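Take a look at the structure below.
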Amino acid sequence: MTSQTLREARKYEEASAKLITEEKRPSFHLSARTGWMNDPNGFSYYKGQYHMFYQYYPYDIQWGPMHWGHATSKDLLHWEYLPAALAPDEFYDMDGCFSGSAIELPDGRQLLMYTGVVKERQKNGGFSEVQTQCIAIGDGVDYEKYEKNPVLDEHDVPEGGSRFDFRDPKIWRKEDGTYYCIAGNRPADGSGQILLFTSPDGFEWKYKKVLCANNNRFGLMWECPDFFKLDGKWVLLTSPQDMMPQGFEYHNGNGTLCLIGNFDEETESFTEEYSQSIDYGIDFYAPQTVLPPDGRRIMIGWMQNWDTCSLRAVDQPWYGQMSLPRELSVKNGRLYQYPIKELEDMRGKKVSYENVSFSDTTRLEGIKGRKIDMEIEICPADAEEIYTKFAIRFAQNENYYTSLSFRPHESILKIDRKFSGSRRAIIHQRRNLVNSKDGKLKFRMILDRFSVEVFVNNGENVMSAVIYTDIDADDISFIADGKVCMNIIKYDLN
Ligand code: FRU
């Protein structure tokens, strides 16, 4: 039975999405159907296509009582909106259906596991949100909340674990057909931990253990965990709140963390070996992965950051978009991310140049656009004298530009959007230490109207940022201090 709250949301979103023309949105990045979007939820492959749900407040471009928006796609680039899947309409989730995940049951139904939120009055007169884990079962369009919800609550967290910070279940099936789920929780030390639960059927859950404890190392509370095996290692992704920068890592306040290590499936223990940021740009949070039948591990994140939400276009009728789908791999203890190969099918007109040498500002005929895929290789034009700086300016006109610049002597790549048209005094630049030798660097850059994603050295480092520059600012120029030699291939994306 669809509740009145969900019916109203579905009616509202359908009517108001009609008022948003296609050119006002990203073209191949999923954006809020209308109103507000945050985390990806329930990212899954079900009944022959990908499903993406998302944290959603249809009625405003601000965060509000959370619903689950819903879209499907065959290739993760062309999306079709479906009616909202969940609304806050039960006694255990009336203040929000927070993040969660999805899995197909052996009988063909799809199970969604999410966090139900209810505000509770505190002694000081304020409110705190009690968070429990809940289930809804459906057919890919309509979902029925489980009559025994919530399935995990404060009795299922270890001693000292908070009942106010207990959220974002990620579920998967083990080879023997039983289920695991992990969720973020705040232990007594005030930081974060990832709890592991098991279930014989996806409905009845039991607390197992702390899979990984933050111990105040990486930010505080850990949100939106994901955990999987990849290339012989185990990868734990999570989004810590309130991070402290360390060198060039973890600069986003609310940032992302990737821990790579081993998982002993007998004893269910995770041992960490390597740690890194997932994305080194400005806007990336709460990623989730899917494992389609072809065996690729594909990740999508919310291409936004809680600390920079005040950056928005005037009169924008939607807020929030997802990142590009990125295929993951682990090489030498490092997470690599590369745009899924399906993006290459969208490549249209090609313009390329080889061995262009320049030492000041230059423009290249045919190199422009806001929906493009570019591969760039740079090196010193004179091997004896390495240039001091290379920059590319894009989304440019006489008033605006965003830039990506590289200083070979420090090996630092910087993204800077302070002249992108923003009227807000927030962080607009991020620097990243990349691997480069002798002034050589290779990167791929994808623009989709309101964003830029840069994949350095075949995905060894990734930087993502949104830009809300007027869409007619589509020029690109190149700048060098010293002599740079460049190869460039640019495709329009259709
Ligand atoms: C992360 C997050 C999640 C929560 C959701 C609420 O961005 O804070 O922890 O489930 O957003 O919208």
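Each residue of segment 424-432 was assigned a 3J(HN,Hα) from its phi angle through the Karplus curve 6.51 cos²θ - 1.76 cosθ + 1.60 (θ = phi - 60°); the sequence is 10, 8, 10, 4, 10, 9, 8, 10, 9 Hz, with glycine and proline shown as x.
Here r is the Cβ-Cβ distance between Phe164 and Glu22 and R0 is 45 Å; the resulting FRET efficiency, rounded to 0.05, is 0.65.
Shown in residue order for segment 238-255 are the 3J(HN,Hα) couplings computed by the Karplus curve 6.51 cos²θ - 1.76 cosθ + 1.60 at θ = phi - 60°: 8, 10, x, 7, 6, 7, 9, x, 10, x, 8, 9, 6, 8, 9, x, 8, x Hz (x for Gly and Pro).
Please give every one of the aspartates and glutamates within straight-line cross-link reach of Lys331, meaning a C-alpha to C-alpha distance under 14 Å, and leave out same-chain neighbours fewer than 8 residues apart. Partners within reach: Asp231, Glu273, Glu460. Per residue, the solvent-accessible area of the chain (1.4 Å probe, heavy atoms of protein chains only, all protein chains present) comes to 40 Å². Per-residue ellipticity at 222 nm from helix content only, as computed over the chain with -39500 (n - 2.57) for each DSSP H run of at least four residues, stands at -1000 deg cm²/dmol. If you add up the charges near His67, with Lys and Arg at +1 and Asp and Glu at -1, over every other residue whose beta carbon is less than 10 angstrom from its beta carbon, what do you get? Neighbourhood net charge equals -1. Within the accessible area of segment 345-493, the carbon and sulfur atoms contribute 41%, probe 1.4 Å, all protein chains present. For the chain, the percent of C-alpha pairs falling in each 20 Å distance bin, counted from 0 to the bin holding the largest distance, reads 24, 56, 19, 1. Our coupling estimate for segment 396-405, obtained by passing each phi through the Karplus curve with A = 6.51, B = -1.76, C = 1.60 and θ = phi - 60°, is 10, 9, 5, 9, 10, 6, 10, 9, 10, 10 Hz, Gly and Pro reported as x.
Evaluate E = 1/(1 + (r/R0)^6) for Arg347 and Lys206, where r is the Cβ-Cβ distance and R0 equals 45 Å; express this FRET efficiency to the nearest 0.05. The formula returns an efficiency of 0.40 here.
Only lysines eight or more places from Lys24 in sequence, or on another chain, were considered; those with a Cα closer than 20 Å are Lys368, Lys371. Amide H to amide H distances under 5 Å link Leu105 with Gln110, Leu111, where only residues 5 or more positions off or on other chains count and H is placed in the peptide plane. Protection proxy ranking for 52-58, 40-46, 412-418, using the average of other Cβ atoms within 10 Å per residue and placing the highest first: 52-58, 40-46, 412-418. Excluding same-chain neighbours fewer than eight residues apart, the lysines reachable from Lys208 by a Cα-Cα span under 17 Å are Lys170, Lys174.
Between the beta carbons of Asp382 and Ser310, assuming R0 = 45 Å, the FRET efficiency works out to 0.50 to the nearest 0.05. The distance linking segment 298-377 with segment 220-274 is 24 Å (Cα centroid to Cα centroid, whole angstrom).
The values are calculated or read from the model by the stated rules, or taken from the named source; none is laboratory data. In this text, all values refer to a predicted model and were calculated from it rather than measured experimentally. Heads up, the Cβs are rebuilt from the backbone with ideal geometry, glycines too, and the neighbour counts pull from every protein chain shown. Note: areas computed on protein heavy atoms with side chains; ligands, DNA, RNA excluded. Shrake-Rupley method; radii C 1.70, N 1.55, O 1.52, S 1.80 Å.
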